[in-house]
Structure formats: C-alpha cells, structure tokens
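The values are calculated or read from the model by the stated rules, or taken from the named source; none is laboratory data. Note that the structure is a prediction, hence the values are computed from the model and not measured. Cβ sites come from the backbone with ideal geometry, for glycine too, and all protein chains shown count toward neighbours. To get the accessible areas, we keep the full protein, side chains included, count just its heavy atoms, and leave off ligands, DNA and RNA. Shrake-Rupley method; radii C 1.70, N 1.55, O 1.52, S 1.80 Å.
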Amino acid sequence: MSKTKSQYVCSACGGIQMKWMGKCPECGEWNTLEEVVVRAPDKSRTPMPIGVTGSHPVALPHISQESMARLPLKMVELNRVLGGGIVPGGCVLVGGDPGIGKSTLLLQMTAEVAKNYGPVLYVSAEESVHQIGRRAARLGIKEERLFILSEIEVEHILEQIEAMKPMLVIVDSIQAIYSGSSTSAAGTVSQVRDCAAALLRAGKQYNIPIFLVGHVTKEGTIAGPRVLEHMVDVVLQLEGERFHAFRLLRSVKNRFGSTNEVGIFEMNESGMTEVLNPSELFLAERLPNASGSAIAVSMEGTRPLLVEVQALSSHSAFSQPRRTGNGVDMNRLLLLTAVLSKRVGMDLSDQDIFVNIVGGMRVDEPAADLAVAVAIASSYRNKPVCADLAIMGEVGLSGELRSVGQLPRRLHEAAELGFARALVPRSVVTRKGGEDLPKEIEVIGVRTLWDALEIGLIK
Ligand code: TYD
Ligand code: MG
C-alpha cells in the first residue's frame, strides 16, 4: 500500500508548499493555500516521476513571471552558454571526462552566485569538505554564503535543501549519490535516475536551480544511458584535451536558450579563466610564412572562431601511407586527399599526411574543408599560404566549392583580426550580391579547389 501525504497548493498561482502558510511565498496572495492529499508514488514498481503531483491548472496570466527571472552571471562565457543566466527551478546537467575541470568551474560559479544573490549549497559526493576547502582557497574563494556538504544519500541532501532553501544547489556528482529507498544497487542506472528525479522535483518545487555533475562514460554518453538528458532542462558538456589548457563548454540541449553555444575557458593555476578573444589566442604562435598552415573560420554556435589548420605531407616509408587527423573528421580528411589527387592532380599516394588543428580544437563543420585542403596542398608543394588570407568553404567531390552559412559573421571576425582577404566559394558572393558582406575585407569568390590553390598559395 502506498503512503499519503499533504501538500498545500496556492489557488492563485498553483505553487506548491509543504506546509500551510497564510501568505503564498510565490505570488504573495493571502489565504490561498489549500490542502491536497497526494499519494506517494509506489517506488517499488514505477520510477519516480519528475514533475509535481496533485497540482491544479493555472490560468496563463496568473503564472508569475518572477519565477522565470534569470540570475545573470558575470562570467560571460558561462552566461551565454546557459542562455543568459541561471533559471530558477531549472535543472542543468554538466557532463565531461573526469579531471576536465567540472568541479572547478562550478565552484567558481557558486562563488559568484553566493556573492551576488544568496546562499548556495554545494553538495560533494566525491570529495571531503576539506578537499573542497583547499580548492576554494587555491581559487581565492572566501564567500560566507557558500555552504559545502559532503554527503552521498539523496534523502539527506533533500532535507538540507528543504531546510536551507538556497539560491542554487550543485550536486557533484550524480553518479556518486544513492537513494536509501531505492531497491537497486548504488551507481546503477535506476539509482542515478531516481536520485536525479528526486532532486529535480525538489528544485521545481522550491524554484531552486539545480546543477548536476555527470561523468561521461567511455561511450561518450552521460551517466550510462542518456536517461538524464531527457529529464533535465539543460545539458552542458565540458570538453578539451587533457594536455591542452583550453576547455570548451557546449550546450547540447537548452530549454531556456539556444543550443550549440560554446564558452571557451583556459585552465590555469587560478582555475578556469574565460577566453574572450579565442581567435587571437589560437593564432598567437603562428608562423606566417610556413608552408602547410592555413586559417579556417569555423562557427561554434553563433560565434565565429579563427583556427589554424596545419598539415604536413611527407614521403612515406611504408607501402600504405598514413593519414592522421587531430581535431578533424577522419572521413573528411580521406575525402579531401582523394579530391586533391583526382581533381587537382596531386600524387599523394606515397605521402604520409598529418593534419592538426592548433590548440586542441576540433572543427567538424564542412566549412573548414577548404582550409584543410589548402594546407595539405601547401605542404605538399612546399609553398606557403598567403598570410593575409582567411579561408572558408566546403569542398565537393568534383572539386567544386560549396557555400557555407553565416558568411558575414565569419568575414567580420576575420577582418577584426587583421585579415585583409578572404577566400570563399563564389556561389555565396554571387547569390548574395555581396551587399551584406563587410567592406573591411576583400572577398575573393572562387569556384573550384584548383582556383583556390592558384590564388591562395604563394608562387
Ligand atoms: P576538477 O575540477 O577536479 O575536474 P573534474 O571535476 O571535472 O573531475 O579539475 C581537476 C584538474 O584541474 C586537476 O588536474 C587540477 C586542475 N586544476 C588546475 O589546473 N587549476 C586549478 O586552479 C584547479 C583548482 C585545478
Ligand atoms: Mg570533480
């Protein structure tokens, strides 16, 4: 038999309280709370639901807008990825490989929220209070309203949330906590799901934003099967290579903003520092007249990013030459070498080809094709690419260049970084008539890869 319990629903705004109050804390109306008896879900059979139970329909104009107000952050990179700030009651899942910097980034964020908005509860299920204290000291964080709780049982965490009603709750990590009332073993998918559901419910009920940290499994998914991704409002993924300082925070799903936004950070001794001018940083160590280096303009979400593509083509000692790509898609690399051989007539059959995107970046969009192909050709012919040239375009199987999206933005960024000329597919220029393209940069439209090499490589 399942248990029953009482909740108090506001007839004006539909908000749910656990105890009776004269004034609804959400909409401020008096004497509107009414008792409803709800049946606790039968945990032994059904998984815990995410939403609230026993709620009443609310007329749209009566829904208070206040509860949707965001808490904007001063960390602009994080703020943009979140869609403009932290949404009260929203649940954010932050995934990433172990050691990539999730705890560090979240601790920095909690410090800001504690300073500007109110108390924050940081629950660590993996580290002791002392360990977090040491990390905070290292990061120079001394906020009084930041509370650390080292705890693994979800019921106890919920009690603390209920007692404290903080402005923000972090649970690091969701895989390490367990529910005493769940029958399955700790760390299993159903445990992770039940714990996340219980935390989500509490977040929605008290209108508190909850950030859950999830480790990525070997297959690249967060917390086993992607159950959590469906449950939460926002999924952020922190990526980067261990030996590079850059970290990319991507929004994979966002019910409160646009997806595919990227925040760029650098991990250094003072934690995660925001990189506000990433293109400049990526190009800082470039040798302008070296062969095999081309500048691509790729889009990360709505933001253009200039990256250096390096290629090395060298005579192979093996009968089967090697093709190695770092930060580029292997299939596209093979395709581009085939197009260079067949359409441009370069004999790459005895050449080992290595392609690398500088700074540990990854560019998967086809708009980087042309820069990769030009870099390979430049290395093969041992002729540098013109140093003032930014390159963008997709390469087709016939060696034709195909249009890329958001060209004006890409061109603006290239112009801003001092590039005088841009090599782009001709179709974009003729189709648009060139009227919305920036005037500060000379736009050169080319039809084929062959033509691009004629213009792009120094003779
Ligand atoms: P951490 O945030 O613990 O990663 P995660 O929570 O994703 O597992 O970060 C761990 C790494 O970050 C560790 O190798 C040390 C490094 N680090 C810095 O380089 N600078 C710093 O200021 C801090 C706190 C950590
Ligand atoms: Mg951690």
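Here are a few things to note about the model shown:
- Candidates SER150, SER179, SER128, SER173, filtered to the one that is closer than 22 Å to HIS230 by Cβ, hydroxyl-bearing (Ser, Thr, Tyr) and away from ligand 1 (no atom under 12 Å from the Cβ): SER179
- On the stretch given as segment 113-136, residues that are crowded, with 22+ Cβ neighbours inside 10 Å and away from ligand 2 (no atom under 15 Å from the Cβ) total 4.
- Unique residue being open to solvent by less than 70 Å² (accessible area, probe 1.4 Å) and assigned to a helix (DSSP H, G or I) when the list is VAL428, VAL443: VAL428
- Selected residue [open to solvent by 10 Å² or more (accessible area, probe 1.4 Å) and of a type in the set (A, V, I, L, M, F, W, C)] from LEU340, LEU312, LEU348: LEU312
- Residue selected from segment 396-415 under the condition more than 14 Å from ILE295 (Cα to Cα) and in contact (Cβ under 8 Å) with a residue 60 or more places away in the chain, by the criterion surrounded by the most Cβ atoms within 10 Å (Cβ to Cβ): GLY399
- The number of residues in segment 334-359 being hydrophobic (A, V, I, L, M, F, W, C) and in contact with a helix residue (DSSP H, G or I) (Cβ under 7 Å, 6 or more places away or on another chain) comes to 9.
- Tally of residues being more than 25 Å from the chain's Cα centre (by Cα), open to solvent by 40 Å² or more (accessible area, probe 1.4 Å) and not hydroxyl-bearing (Ser, Thr, Tyr) across segment 152-186: 14
- Check on ILE161, more than 13 Å from ligand 2 (Cβ to nearest atom), farther than 19 Å from SER251 by Cβ and either free of Cβ contacts under 8 Å to residues at least 24 places away in the same chain or assigned to a loop (DSSP other than H, G, I, E, B) (or both): no
- Just so you know, in segment 267-292 the residues that are within 19 Å of ASN356 (Cβ to Cβ) and without any contact (Cβ under 8 Å) to a residue 40 or more places away in the chain include one that is most open to solvent (accessible area, probe 1.4 Å), and it is LEU287.
- Enumeration of residues in segment 48-101 that are of a type in the set (Asp, Glu) and at pLDDT below 90: GLU66, ASP97
- Residues satisfying the stated conditions in segment 81-102, i.e. within 13 Å of ligand 2 (Cβ to nearest atom) and open to solvent by 20 Å² or more (accessible area, probe 1.4 Å): ASP97, PRO98, GLY99
- Taking every residue in segment 115-138 that is assigned to a loop (DSSP other than H, G, I, E, B) and pairing it with any residue that is open to solvent by less than 10 Å² (accessible area, probe 1.4 Å) and of a type in the set (Asp, Glu), at least 6 positions away or on another chain, the pairs with Cβ-Cβ distances below 7 Å are ALA125/ASP172; GLU126/ASP172.
- Selection count, segment 5-37, where residues are farther than 22 Å from LEU60 by Cα and assigned to a loop (DSSP other than H, G, I, E, B): 5
- Condition broken by LEU348, with the remaining ones in (1) of a type outside the set (Asp, Glu); (2) outside any loop (DSSP other than H, G, I, E, B); (3) without any contact (Cβ under 8 Å) to a residue 40 or more places away in the chain; (4) within 18 Å of LEU397 (Cα to Cα) satisfied: (2)
- Top-ranked residue in segment 351-369 [being part of a helix (DSSP H, G or I) and open to solvent by 30 Å² or more (accessible area, probe 1.4 Å); ranked as modelled with the highest pLDDT]: PRO366
- Of the candidates LEU73, LEU78, LEU139, LEU168, the single residue that is in the same structural domain as ARG247 (by TED's automatic domain parsing), more than 13 Å from ligand 2 (Cβ to nearest atom) and within 15 Å of GLY203 (Cβ to Cβ) is LEU168.
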